[in-house]
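**Student:** Before we start, here is the structure in question, set down as structure tokens.
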């Protein structure tokens with residue numbers, strides 16, 4: 001491997017500016033702009049998040065859906081990364097997103113009541129997954145559920161955006177960028193140009 | 001304001017302007033440089049080392065401000081450094097993207113860094129294939145300037161002995177990553193070259209500049225100056241000479257002429273005060289990038305120049321060319337599924353190239369003339385953008401996202417458009433920008449030749465990927481819209497015939513002896529190579545010609 005990755009951000013600590021931090025809305029689960037510059041910010045205890053756009057029950061539903069899409073398993077998931085907060089922020093800034101999210105959440109609850117007699121959040125996890133599968137897997141698509149499928153796609157897109165831009169999400173991927181490398185990183189498999197004899201996949 | 005007279009006024013501080021400023025100041029000439037925007041502050045404006053979660057919208061930017069340009073110009077990393085409200089219009093049927101960076105240094109702050117020399121295959125392309133006109137400059141004539149520019153800026157590459165690519169003087173190349181070596185094998189089987197690109201990014205300390213530390217976020221700007229940009233490399237030298245006065249937020253309206261119709265100064269608007277000022281010089285260099293250069297000159301109307309300064313040929317604004325850009329194929333390398341992550345993102349993912357391999361022996365081997373190059377790209381990037389390729393949700397989805405992380409690859413095509421009478425810029429008779437300056441109106445369509453290259457590249461890149469054992473998931477549908485590459489050329493083309501060309505072989509306008517163009521506006525056409533290195537080389541040559549004119553008492 002090329003070079004040892006000294007955390008570049010550490011070195012740049014003095015260069016960066018913390019100005020924006022104080023003006024951000026009350027995120028509870030992820031640190032934001034240059035939080036590492038200020039010990040005070042680092043030690044803020046997680047508060048209960050107050051959504052900027054969603055109503056309480058809508059927000060709970062969004063949170064549950066992100067948890068289903070990227071669950072906490074051997075590694076942290078969407079709940080740990082505060083993905084619902086990110087979605088709430090993004091949606092709060094865009095009226096088209098607001099319309100689509102609100103309509104989608106309503107569609108899902110309506111579908112849930114019709115199929116299972118209860119709102120989505122009141123269902124057992126296995127029943128929730130049963131409702132989502134026909135929206136997520138081509139082989140299980142059902143006619144008449146197009147709006148639900150579109151919403152699921154939108155929701156998953158924003159969940160991915162929120163998760164894989166969080167510290168937890170990039171740790172999940174073991175993101176190797178934004179570090180100091182002493183030399184241009186070079187392929188470590190010099191004897192295997194076609195890469196047909198690599199060690200077995202780790203995941 | 002006192003009416004002081006400078007030797008030279010240079011409009012623009014990007015590659016062309018920056019080189020002119022430095023060269024002229026070094027020679028002892030007093031230079032006033034006008035730049036439309038502000039100076040960047042590296043510690044504040046270059047956010048390349050921030051993690052996405054350190055930004056309010058995680059780098060995507062505020063959804064309330066919809067993107068109106070390419071991704072790399074419109075995200076939170078570069079917020080406030082690319083202009084969002086450039087007034088320009090397009091003719092019916094034209095879709096032109098015009099991202100502008102008004103900051104000092106212009107686009108060199110964020111450029112792609114690919115730095116291949118043009119060769120005689122480019123300069124004499126017209127003689128080879130009968131299309132358009134040869135350049136008035138041969139490779140032998142420009143080669144020494146390329147060498148000097150390469151030494152100034154530092155270019156990492158290898159000697160490759162390719163017929164379409166004259167070799168230069170290089171720093172050690174970037175090392176190939178796993179994905180490069182796999183794709184190289186595929187390219188070998190498909191009969192296509194796969195080599196280290198020519199990258200103006202320092203692999204060794206160079207002329208007082210630190211080497212690259214391979215952090216990856218280059219198109220957000222480099223806060224240590226490890227790749228060439230004029231604010232890191234050229235402007236400090238000009239400033240040290242004591243001969244430069246740099247005026248920022250100075251948006252140029254027009255070139256002012258004297259009673260004889262020669263250039264005497266420049267009228268500009270101070271963007272802070274909105275006051276109009278004039279500054280006077282013995283010679284004027286326009287280097288505002290090719291569309292803006294044309295707009296300034298077309299807006300410089302006077303008794304002598306009723307259709308714009310130096311436009312007796314009627315060719316000012318004409319012959320606009322551009323690079324057709326687009327991802328012609330993408331997919332993934334299953335060999336790397338589930339392998340540990342690797343720092344692939346060392347030059348915004350692109351460190352290799354597939355330099356032009358078409359029409360080399362014979363100008364008409366293919367169904368198109370000229371040729372294109374391809375930049376392969378991929379690996380572990382900051383954001384995993386392959387989610388659409390994985391179905392479902394839950395732990396399986398999460399695991400697949402991780403398994404896929406080192407595997408994505410794509411092929412970005414760079415194909416030159418041929419000159420066409422219908423591709424040009426003029427002034428919109430109705431629309432003005434917010435400063436009251438008449439707006440540029442762009443007329444542009446891709447031609448058959450470049451669209452054939454695009455189709456060709458789809459076939460070849462898919463073949464390279466498959467031959468490398470990769471899985472093709474996407475075969476380019478549409479190229480990017482014109483303007484996306486920021487590589488436009490033409491509008492003030494140079495040539496030996498004053499009736500057909502705006503500038504002569506030194507970039508001096510044929511009509512106005514003390515007016516020069518030092519950007520890609522003088523280029524006859526695009527080639528398969530990027531433009532910046534050639535802008536620097538031609539600007540250096542023109543600037544030394546200007547110095548010579550001063551020494552001979554002509555200005």
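**Student:** Please report the base-10 log of the normalised intensity I(q)/I(0) for the stretch B:98-255, using a Debye sum with one equal scatterer per alpha carbon and no solvent, at each q in 0.11 (1/Å).
**Tutor:** -0.60
**Student:** Could you work out how far apart the two model spin labels at residue B:131 and residue B:432 are, taking each label as a point 7 Å from the Cα in the direction of the beta carbon, and quote it in nm?
**Tutor:** It works out to 4.1 nm between the two label points.
**Student:** Return the Rg/Rh value of the stretch B:425-476, two decimal places, where both radii are evaluated on C-alpha atoms and Rh is the Kirkwood radius.
**Tutor:** Rounded to two decimals, Rg over Rh is 1.39.
**Student:** Here's something else I'd like to know. Hey, what angle do you get for helix B:532-551 against the long axis of chain B, alpha-carbon based, 0 to 90 degrees rounded to 10?
**Tutor:** Long axis of B:532-551 versus the principal axis of chain B: about 20 degrees.
**Student:** How well do other chains shield peptide A:189-201, expressed as the mean number of their Cβ atoms within 10 Å of each residue Cβ?
**Tutor:** Across the residues of A:189-201, the mean count of other-chain Cβ atoms within 10 Å is 5.
**Student:** Another question, if that's okay. Put one equal scatterer on each alpha carbon of the stretch A:54-113, apply the Debye formula with no solvent term, and list log10 I(q)/I(0) at q = 0.17 1/Å to two decimals.
**Tutor:** -0.58
**Student:** So how tilted is helix B:178-190 from the main axis of chain B? Cα-based, degrees 0 to 90, rounded to 10.
**Tutor:** Helix B:178-190 sits at roughly 90 degrees to that axis.
**Student:** Across the stretch B:41-101, how large is the tail of the calculated P(r) beyond 14 Å, expressed as a percent of all Cα pairs?
**Tutor:** For the stretch B:41-101, the fraction of Cα-Cα distances above 14 Å is 59 percent.
**Student:** Grab the DSSP H runs of chain B that are 4 residues or longer, score each as -39,500 (n - 2.57), total them, divide by all residues and round the 222 nm result to the nearest 500 deg cm²/dmol.
**Tutor:** Calculated from helices alone, the mean residue ellipticity at 222 nm is -6500 deg cm²/dmol.
**Student:** Still on this structure: Need one number for chain B: average projected area of the convex hull over its C-alpha atoms, nm².
**Tutor:** Seen from a random direction, the Cα hull of chain B projects 24.8 nm² on average.
**Student:** Based on the alpha-carbon set only, what is the convex hull volume of the protein assembly as shown divided per residue, in Å³?
**Tutor:** 169 Å³
**Student:** Here's a follow-up. Calculate the FRET efficiency for residue B:364 and residue B:388 from the Cβ-Cβ distance with a Förster distance of 41 Å, rounded to the nearest 0.05.
**Tutor:** Plugging the Cβ-Cβ distance into 1/(1 + (r/R0)^6) gives 0.55.
**Student:** From the alpha carbon gyration tensor of the stretch B:309-388, can you work out the equivalent ellipsoid semi-axes (sqrt of 5 times each eigenvalue) and give them in Å, largest to smallest?
**Tutor:** So the three semi-axes of the stretch B:309-388 are 38, 20, 11 Å.
**Student:** Sticking with this one: Suppose a student asked you for the relative contact order of the stretch A:52-179, using Cα pairs under 8 Å spaced at least 6 residues apart; what percent would you report?
**Tutor:** So the answer I get is 30 percent.
**Student:** Moving on. So what is the diffusion coefficient of the stretch B:366-508 in µm² per second by Stokes-Einstein at 25 °C and 0.890 mPa s, using a Kirkwood Rh over Cα pairs?
**Tutor:** 127 µm²/s
**Student:** How much of the DSSP bridge set in chain B is antiparallel, in percent, rounded to the nearest 5?
**Tutor:** Of those bridges, close to 65 percent are antiparallel.
**Student:** Per residue of A:164-173, what is the mean number of Cβ atoms on other protein chains within 10 angstrom of that residue's Cβ?
**Tutor:** Mean number of neighbouring Cβ atoms from other chains: 6.
**Student:** So, R0 is 60 Å and r is the distance between the beta-carbons of residue A:130 and residue B:147; what FRET efficiency does that work out to, to 0.05?
**Tutor:** Between residue A:130 and residue B:147 the formula returns 0.30.
**Student:** Right, something else. Two decimals is fine: what is log10 I(q)/I(0) at q = 0.10, 0.12, 0.22 Å⁻¹ for the stretch B:191-325, from a Debye sum with one equal scatterer on every Cα and no solvent?
**Tutor:** Those come out to -0.55, -0.74, -1.27, one per q.
**Student:** Now for a separate question. Cα atoms only: what Rg and Dmax, in Å, come out for the stretch A:52-179?
**Tutor:** Taking only Cα atoms of the stretch A:52-179, I get Rg and Dmax of 14.9, 52 Å.
**Student:** With each label point set 7 Å from Cα along the Cα-Cβ vector, what nm distance links residue A:197 and residue A:122?
**Tutor:** Taking the two extended label points, one gets 6.3 nm.
**Student:** In percent, how large is the relative contact order of chain B, given Cα pairs closer than 8 Å and 6 or more residues apart?
**Tutor:** Reported as a whole number, the value is 22 percent.
**Student:** Then there's this: Arrange the peptides A:84-95, A:127-138 so that the one whose residues have, on average, the most other Cβ atoms within 10 Å appears first.
**Tutor:** Per-residue mean Cβ counts within 10 Å order the peptides as A:84-95, A:127-138.
**Student:** Okay, next question. Please average, across the residues of B:380-387, the number of beta carbons from any other chain that are within 10 Å of each residue's own beta carbon, and give a whole number.
**Tutor:** 5
**Student:** What FRET efficiency comes out for residue A:52 versus residue A:150 if R0 is 25 angstrom and r is the Cβ-Cβ distance? Round to the nearest 0.05.
**Tutor:** About 0.60, to the nearest 0.05.
**Student:** Taking every DSSP beta bridge that has both residues in the protein assembly as shown, what percent is antiparallel when rounded to the nearest 5?
**Tutor:** 70 percent
**Student:** With viscosity set to 1.002 mPa s and temperature to 20 °C, compute the Stokes-Einstein D of the stretch A:134-203, Rh being the Kirkwood radius across alpha carbon pairs; µm²/s, no decimals.
**Tutor:** 131 µm²/s
**Student:** Also: Name all residues of the stretch B:20-56 having a backbone nitrogen under 19 Å from the label point set 7 Å from the Cα of residue B:83 along its Cα→Cβ direction, giving them as ranges.
**Tutor:** What the label zone holds, given the 19 Å backbone N cut-off, is B:33-41.
**Student:** Largest first, please: the extent of the C-alpha atoms of the stretch A:82-132 along each principal axis, to the nearest Å.
**Tutor:** So the extents along the principal axes, rounded to whole Å, are 34, 22, 14.
**Student:** If packing is taken as the average count of other Cβ atoms within 10 Å, what order do B:400-406, B:166-172 fall into, highest mean first?
**Tutor:** B:400-406, B:166-172
**Student:** List residues of the stretch B:200-215, by number, whose backbone nitrogen lies under 11 Å from a label position 7 Å along Cα→C-beta of residue A:180.
**Tutor:** B:213
**Student:** If one takes the longest principal axis of the Cα atoms in chain B, at what angle in degrees, from 0 to 90 and to the nearest 10, does the Cα axis of helix B:139-153 lie?
**Tutor:** Compared with the principal axis, the helix lies near 70 degrees.
**Student:** Tell me, what is the percent relative contact order of the stretch B:352-476, built from C-alpha pairs under 8 Å that lie six or more residues apart?
**Tutor:** Across the stretch B:352-476, relative contact order equals 21 percent.
**Student:** If you don't mind, another one. So how do A:62-74, B:543-555 stack up, highest first, on mean other-Cβ count within 10 Å?
**Tutor:** In decreasing order of mean packing, A:62-74, B:543-555 become A:62-74, B:543-555.
**Student:** How far, in nm, would the chain grow between residue B:204 and residue B:167 when pulled straight, counting 0.36 nm per residue and subtracting the alpha carbon separation?
**Tutor:** Result for the pair: 11.4 nm of gain on full extension.
Values in this text are rule-based calculations from the coordinates and carry no lab data. All values derive from a computational prediction rather than experimental measurement. Neighbour counts run over all protein chains shown; Cβ positions are idealised from the backbone, glycine included.
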